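Everything below concerns the one structure shown next.
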Amino acid sequence: MALVLQVIVTGLAAGAGYGLLAIGLAVIHRLTGVVHLALGELVALAVVVTLLVAAGPDLVTPSSVSAAPFVGGLLAGLAAAVLAGVGTYWLAVRPFLRRGLTLGWLGAIVAVAFAVRGALAAALVRDSYVFPDPLPFDRVGTDGSLALSGGVTIPVRAFFVFAIGLVLAEVTARVLDRSRWGRALRAVATEPDGAHLTGLPVDRLLAGAFALAGGLAAMAAIVQAPSVPVTVDTGSLLGLKGLVAAVLVGFGSPRRAFLAGLVVGLVETAVATYDIGPLRLGAEYRDLVPLALAVVVLGWRRLGTRAVE
Amino acid sequence: MSPARAFGVAVRRFAAAAREGLADARRVWSRRAAGWLFAYALAALLVPFALSATRLTDLAVGLYVALAAVGLNYSVGLAGLPSLGQGAFAAAGAFAVALLMSRVGWAPAPAVLAGTGLAALAGLVAGAGAVRLAPPFVAVSTWLVAWLASFALAAFPGLFGGAQGIPVGRPAGPGGIVPGGDLTPAGHFQVALALLALALLGYAAMRRGPAGLALSSANQSPPAAAALGIEPSGRRLGGFVASAAIGGLAGALAVQAEGIADPGAYGPLLSVELFVAVLLGGQGTVLGPVAGAAVLAGIPPLARVLASATGTGADRVEGVVAAALLVLALVAGGTGAAGVLERLRRGRRGEPEPHGRVPKGPPRKRGRRKAGRALLEAAGVTIRFGGVLALDGVSMEVRPGEVHALIGPNGSGKTTMLRVLAGTLRADDGTISLLGRDVTGTSVRERVRLGIARTLQRTAVFPNLTVAEHVRAGADARRSTGAIRALLATPEARAETRAIAREGWMLLALAGLRGAAGSRVGSLPGADQRLVAIVTALAARPRVLLLDEPAAGMSAERREDLVELLDRLRGLGLAIVLVEHDLRLVRAVADVVTVLDAGAVIARGTPRAVASRKAVQRAYLGDARA
């Protein structure tokens, strides 16, 4: 029972991050038809920039970090993600989208993903880094964890990560639903040419959506980062799991995308923790199962089936 | 027939086919082509003497990468499936070979076959779900497959060798193929060159052949292709599987050339590089992927130079610089190097002259209802869209040599009726029969085969195909020889192709489009595009032709052309159902007019008789006097 509780709490905390990424992917897809395959890498960029500013150029992390450099790092990281999002739109998406060249933006976006990944690989010399925790969670419970029966522990951070994710998702959903900006975005999504004719600044709106996706996901990643070591793969994994969640709900509404993210988080944590029936799964299958699931779902849902009269 | 005689007949037929084939080959094999082939073979034989074994191995591996890129083009260029997972299929081939050779002790040749087969199987599984998806989701699906493969390779270091990889023995020394099927560096270089040439020839043949034409049309306009009875899914899957198999073959051989299977080398980056290579060269062109692979091969050295120019840690910066160069090349390159070459060549040849007018036929006879059996018959067709009754028990029949016009106000159900006749829409009630045979439940493709062809309301052409190619694509549904026979150019397939070309030529003459046969249809004026759409539908050799507003947007002058064409088709005994808003045109060509209003037939008869009916005037002009 204690183990179930642990899986649920840590699964939801991981899933909150995937959910926020899925929101960004779904919003961008509904606006432009683009699937932002580089989003995870841009998020990793934010995490590494935050780390650089907060912990200094050597990236040697002190056990705790004072508030001022961390806030500076957070802002710098967010700015990096937002700028990278806008940059991706202008450089890699817009030139091709206008001419209807699907292959073009696909190629450019995956190339951007690997350019960012290459830059991060160059910056991160060691295999993994510990992200400083600005909040004193280690003073709660025993060393930051709640001890349950049978030696099972639940990190207190997990509750915080999940709560932040939930709030961000709800705020985003409301903003997209109710605000002027959200309405304008919906107008662009349903009728791009019409929106252009009514004088909406379509280009700026779309760049804004890319910025939103980048910033949102970066927040999620930075909040989550102290829980697990940061490696070159951190961003790729986040991006992929977010993509899996978005695929599960067919790039649907923000709330559904967030829910799907939570489901992905729960599934992967369960897979990594349990022996399922006669199948002895384990940590090696943690990344394999969600991806395989998404491939099957894609074939089965026939997403965006080619229009045939 | 006695066995001996049967044998004699078979020999004679074979000899005839061989003679014909040689004659064809002589026509195609210009002196220049033969020269190229000779130079290619000479390079394959002589280059190994000039280079060291290491250099040869590098070259061979580079050629295998090009082979994987050419293979990917079968999926991207032919089948219209943007696959970001070619690296995963290469990995399937590579690791199958490595494991079979190092763990089971297989000889290289059977291991390569097994690796290729495994990659093809993986392609079949991955492709089965992907072929029906829209292009961006094909990319998502294959992208996930690429990462899945890379995670699987990393998750089981015990099986796949982990960071060290799996070593595969390779022979040293001179000579090509060592007994037992092992290849030396020189042998790999020659095998790679030969396979690359084969893959390119196969691509060129497929692209020009009926399968390539059908796929190309389906990629450009899915609804128009569907209306012609072209069903692309099976061929798309075929292209995807071929692409995976060639990728697997390339991986299987590259592992043997390098002597090691390294899990790190078969990650998603490889998939991305291959995809970008295809784009850089220009997808859909024959030589594009090779050009792209060459650019790709040039990027690491360039990145190294740039990185060392910026100072320290050259190898660490290399990855960023290489990827950034890829982005730049994509944004700057557009359609790719080979695309530019092709455009230059086309520009030099010049666009063909625009065509003339539809030639005048014999004087028309019209107005008399033909006696005899109805060709196409609809009885009591009813369609409901939710609560709306779109068609309410509509019956009609069309005889050979008769133009039957369907008119009525907007939303009266004309196009809906046409869709029911063509088979794109199932009636809730009622039957459709062709020559007395019930065809109510048959698919579009089946109906096209049986002789019901249709054009769409919007301009339903494939902008990047030429007029002549349209006619060939239109004949797709009635072709009986498949893609493999076309690829091998068997006598049956070639006879069929010739017959279709001959007939297509006649059809073009009928519509006055002969002069435009070589033009891209996208470059023709709208009126011509509509005539092309009609001729394309005719290529399926229909008995019944369903036309949806063929005159929309045509000038008065071009409408006369259309009238002339319809008259001649009527003269050939075709039954034509015409949905049209322009009543002048209807009066000029129709033998019978059926007027629909709100899904029901309100009048039927000759154009003159129908025009004078009160109900028709009310439906068109409103109920002012009532």
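The values are calculated or read from the model by the stated rules, or taken from the named source; none is laboratory data. Small disclaimer: the values here were computed from a predicted structure and weren't measured. Every residue, glycine as well, gets a Cβ built from its backbone with ideal geometry; the counts of neighbours run over all protein chains shown. We work out accessible area using only protein heavy atoms, side chains counted, and drop any ligands, DNA or RNA first. Shrake-Rupley method; radii C 1.70, N 1.55, O 1.52, S 1.80 Å.
The lone criterion from (1) over 22 Å from B:ALA468 (Cβ atoms); (2) in contact with a strand residue (DSSP E or B) (Cβ under 6 Å, 6 or more places away or on another chain); (3) of a type outside the set (A, V, I, L, M, F, W, C) left unmet by B:ASP567 is number (2). In the set (1) under 26 Å from B:VAL579 (Cα atoms); (2) crowded, with 16+ Cβ neighbours inside 10 Å; (3) modelled with pLDDT under 85, the condition left unmet by B:ARG530 is number (3). In a helix (DSSP H, G or I) and open to solvent by 10 Å² or more (accessible area, probe 1.4 Å), is that true of A:GLY182? Here the answer is no, as A:GLY182 does not meet what is asked.
Residue by residue, here is whether (1) away from chain A (no Cβ under 14 Å); (2) open to solvent by less than 10 Å² (accessible area, probe 1.4 Å) holds:
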residue	(1), (2)
B:ALA244	yes, yes
B:GLY247	yes, yes
B:PRO263	no, no
B:GLY281	no, yes
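Residues in the stretch B:414-429 that are part of a helix (DSSP H, G or I) and of a type in the set (A, V, I, L, M, F, W, C): B:MET417, B:LEU418, B:VAL420, B:LEU421, B:ALA422.
When the residues of the stretch B:228-242 are filtered to those that are open to solvent by less than 10 Å² (accessible area, probe 1.4 Å) and among the hydrophobic types (A, V, I, L, M, F, W, C), the one that is nearest to the other protein chains (Cβ to nearest Cβ) is B:ILE230.
Of the residues in the stretch A:158-174, at least one is closer than 30 Å to A:ASP203 by Cβ and open to solvent by 70 Å² or more (accessible area, probe 1.4 Å).
Okay, residues lined up against (1) within 26 Å of the chain's Cα centre (by Cα); (2) within 12 Å of another protein chain (Cβ to nearest Cβ):
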| position | (1), (2) |
| --- | --- |
| B:VAL65 | yes, no |
| B:GLY80 | yes, yes |
| B:VAL97 | no, no |
| B:LEU100 | no, no |
| B:GLY115 | no, no |
| B:ALA126 | yes, yes |
| B:GLY129 | yes, yes |
| B:VAL140 | yes, yes |
| B:LEU144 | yes, yes |
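The condition of being open to solvent by 10 Å² or more (accessible area, probe 1.4 Å) and part of a helix (DSSP H, G or I) holds for only one of B:ALA139, B:ALA146, B:ALA109, that being B:ALA109. Take residues that are away from chain B (no Cβ under 14 Å), open to solvent by 40 Å² or more (accessible area, probe 1.4 Å) and of a type in the set (Asp, Glu) and tell me which of the helices (runs of 4 or more DSSP H) falling wholly in the stretch A:188-288 contain 1 or more. Where helices (runs of 4 or more DSSP H) fall fully within the stretch A:188-288 and carry at least 1 residues being away from chain B (no Cβ under 14 Å), open to solvent by 40 Å² or more (accessible area, probe 1.4 Å) and of a type in the set (Asp, Glu), they are A:192-197. So which residues in the stretch A:115-134 are part of a loop (DSSP other than H, G, I, E, B) and away from every other protein chain (no Cβ under 14 Å), if there are any at all? Of everything in the stretch A:115-134, those that are part of a loop (DSSP other than H, G, I, E, B) and away from every other protein chain (no Cβ under 14 Å) turn out to be A:SER128, A:VAL130, A:PHE131, A:PRO132, A:ASP133, A:PRO134. Residues in the stretch B:286-338 that are of a type outside the set (A, V, I, L, M), farther than 22 Å from A:ALA121 by Cα and at pLDDT below 75: 4 in all.
Here is a yes/no grid of residues against (1) open to solvent by 10 Å² or more (accessible area, probe 1.4 Å); (2) more than 30 Å from B:SER221 (Cα to Cα):
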position	(1), (2)
B:VAL61	yes, yes
B:GLY80	yes, no
B:ALA90	no, yes
B:GLY93	no, yes
B:MET101	yes, yes
B:GLY115	no, yes
B:ALA120	yes, no
